[in-house]
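The values are calculated or read from the model by the stated rules, or taken from the named source; none is laboratory data. As the structure is a prediction and not an experimental result, all values here were calculated from the model. For neighbour counting, all protein chains shown are included, and Cβ atoms are generated from backbone atoms with ideal geometry for every residue, glycine included. Each accessible area value is taken on the protein alone, full model and side chains, heavy atoms only, with ligands, DNA and RNA left out. Shrake-Rupley method; radii C 1.70, N 1.55, O 1.52, S 1.80 Å.
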Amino acid sequence: MVAGKPICILTWAGSEPALKSVMLNSHIDVVPVSESNWDHDPFGAVKLPNGDIVARGAQDMKCVGIGYLEAIRVLKAKGVVPKRTVHAVFVPDEEIGGADGMEKWVETDDFRSLNVAFALDEGLSNEENAYKVYYGERAPWWIKITAKGGAGHGSKFIEPSATERLVRTLDKFVAFRNSEKQRLAVCRNEFGRPLRLGDVTTTNITLMNAGVQFNVVPEEAWAGVDMRVAPSVNLTTFREQVVQWGAEEGTTIEFVQAFMSNAATPLNDGNLWWQKIRSVAEQRGVELDPEIFPAATDSRFLRKIGLPAIGISCIRNTPVLLHDHNEYLNEKLLIEGVEFYAQLIPELASVPATADA
Ligand SMILES: [Zn+2]
């Protein structure tokens, strides 16, 4: 763990401590606010007459962390004892990439001592009447492309041209971008539903830099690209492909960040954790809508070390306002989440040992 960035673990001991544990994960940090764009104090948790609670973190993901704790309080009051030990875990820094939070922590003996078999984590709110269920994420890559060439007066044919080399390399990224955009528009996934953002790889040129003056040919040009690589892609092969795009045009490719895991938690009949989630949702008459998370959460570090992790926030019929102004959650959904977890946690804690890898 990193100094000044504590991780809080609340442990509810199970009746069969030899079994591996269930981890209920939530991050304690939030993204900043631009206060002038909010109708209420973003950290005041103001409740409006219709029950909407306006607060930074209302959707992302304080409702989930509070939901775990309230559910455990309700269950303890009823005298329930889980079979597996349950850890409610509160981690820092998720919003800035998790490097000093979950990423380092999963590599420690402290984490290993929890003996985790499965983790529940955050999801996203949904405008439709279903809970989104996240079973995988795309791998975030930041790529710097640098081109070098000759320098000189803007009136001549200076060869080789750094900017042309860069443009030709970027053309390959753009062509790939267009093919994925096309795939998103027309293709369907294995369940027959149209592809969503999380199913394809996005590419965006986010930084460009070259030159100092109109009549001076620059000897160097560089660009930054943000890619989110879909779980269906072989990361090693694709990384070689990207390096090749640069090599073909004489540019260098530097991976400023390349997360080399896009492991997903398959939602199949053999996944007993998923079966429990599905049956609790069914009993409660709630529809589930599984998909790949379009951005990134701490679950990627758990899946990378081979743990199954599923992200759910019990937020339906609500606009997606995480990181946005006037983030809110209706109190009915907060309570619905508590009830959902109160039903789900003992079920997860009774998954048989055969589920443990
Ligand atoms: Zn979050």
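Go over the candidates Ser261, Ser279 one by one and state the one that is over 28 Å from Asn50 (Cα atoms), of a type in the set (S, T, N, Q) and in contact with an Asp or Glu (Cβ under 8 Å, 6 or more places away or on another chain). None of the other options fit; the residue is Ser279. Confirm whether Ala88 is part of a loop (DSSP other than H, G, I, E, B) and assigned by TED's automatic domain parsing to the domain that holds Val133. No, not satisfied.
Among residues of the range 208-230 that are touching a residue at least 40 places away in the same chain (Cβ under 8 Å), those with a beta-carbon under 7 Å from a residue that is aromatic (Phe, Trp, Tyr) at least six positions away or on a different chain give the pairs Gly224/Trp142; Val225/Phe173; Asp226/Trp142; Met227/Trp141; Val229/Trp141; Val229/Phe238. How many residues does the range 149-180 contain that are over 22 Å from Thr251 (Cα atoms) and without any contact (Cβ under 8 Å) to a residue 12 or more places away in the chain? Adding up the residues that qualify gives 1. Per the listing Ile345, Ile277, the residue uniquely in contact with a Phe, Trp or Tyr (Cβ under 8 Å, 6 or more places away or on another chain) and part of a helix (DSSP H, G or I) is Ile345.
Run down Lys104, Lys20 and say which single residue is open to solvent by 30 Å² or more (accessible area, probe 1.4 Å), basic (Lys, Arg), in contact with a Gly (Cβ under 9 Å, 6 or more places away or on another chain) and more than 15 Å from the ligand (Cβ to nearest atom). Talk me through it step by step, then tell me what you get.
Numbers: Lys20 fails: in contact with a Gly (Cβ under 9 Å, 6 or more places away or on another chain).
Of the residues listed, the single one that is open to solvent by 30 Å² or more (accessible area, probe 1.4 Å), basic (Lys, Arg), in contact with a Gly (Cβ under 9 Å, 6 or more places away or on another chain) and more than 15 Å from the ligand (Cβ to nearest atom) is Lys104.
Based on what the data block shows, is Leu321 modelled with pLDDT of 95 or more, more than 21 Å from Gly44 (Cα to Cα), open to solvent by 10 Å² or more (accessible area, probe 1.4 Å) and assigned to a loop (DSSP other than H, G, I, E, B)? It is false that Leu321 is modelled with pLDDT of 95 or more, more than 21 Å from Gly44 (Cα to Cα), open to solvent by 10 Å² or more (accessible area, probe 1.4 Å) and assigned to a loop (DSSP other than H, G, I, E, B). Among the residues of the range 143-157, those identified as surrounded by 13 or more Cβ atoms within 10 Å (Cβ to Cβ) and modelled with pLDDT of 95 or more are Ile143, Lys144, Ile145, Thr146, Ala147, Lys148, Gly149, Gly150.
Of all residues in the range 43-55, those that are within 17 Å of His323 (Cβ to Cβ) and without any contact (Cβ under 8 Å) to a residue 24 or more places away in the chain total 1.
Evaluated against (1) hydrophobic (A, V, I, L, M, F, W, C); (2) closer than 30 Å to Gly337 by Cβ; (3) free of Cβ contacts under 8 Å to residues at least 40 places away in the same chain, Cys187 falls short on exactly one condition, (2).
When Pro231, Pro319 are screened for being touching a Gly at 6+ places or on another chain (Cβ under 7 Å) and more than 19 Å from Val22 (Cβ to Cβ), only Pro231 passes.
Does Gly97 count as surrounded by 13 or more Cβ atoms within 10 Å (Cβ to Cβ) and at pLDDT below 95? So Gly97 fits the description; yes.
Under the condition of being closer than 12 Å to Arg56 by Cβ, open to solvent by 60 Å² or more (accessible area, probe 1.4 Å) and in a loop (DSSP other than H, G, I, E, B), the residues counted in the range 33-42 number 2.
Within the range 69-90, does at least one residue satisfy the condition of being free of Cβ contacts under 8 Å to residues at least 24 places away in the same chain and within 16 Å of the ligand (Cβ to nearest atom)? There is no residue in the range 69-90 that is free of Cβ contacts under 8 Å to residues at least 24 places away in the same chain and within 16 Å of the ligand (Cβ to nearest atom). Evaluated against (1) surrounded by fewer than 20 Cβ atoms within 10 Å (Cβ to Cβ); (2) in contact with a Cys (Cβ under 8 Å, 6 or more places away or on another chain), Asn115 falls short on exactly one condition, (2). Return the residues of the range 308-317 that are within 22 Å of Trp38 (Cα to Cα) and either in contact with a strand residue (DSSP E or B) (Cβ under 7 Å, 6 or more places away or on another chain) or not assigned by TED's automatic domain parsing to the domain that holds Ser34 (or both); say none if nothing qualifies. Across the range 308-317, the qualifying residue is only Ile315. Considered as a group, the residues in the range 49-86 that are over 22 Å from Trp273 (Cα atoms) and acidic (Asp, Glu) include one that is surrounded by the fewest Cβ atoms within 10 Å (Cβ to Cβ), and that residue is Asp52.
Filtered by the rule that a residue be part of a loop (DSSP other than H, G, I, E, B) and in contact (Cβ under 8 Å) with a residue 12 or more places away in the chain, the range 4-27 gives Lys5, Pro6, Ile7, Ala13, Gly14, Ser15, Glu16, Pro17, Leu19, Lys20. Residues Val46, Val30: which one is more than 23 Å from the chain's Cα centre (by Cα), open to solvent by 40 Å² or more (accessible area, probe 1.4 Å), closer than 23 Å to Arg316 by Cα and not charged (D, E, K, R)? After ruling out the rest, the residue left standing is Val46.
Taking Val74 as the residue in question, decide whether it is in a helix (DSSP H, G or I) and farther than 28 Å from Glu103 by Cα. Yes; evaluated as a whole, the condition is true for this residue.
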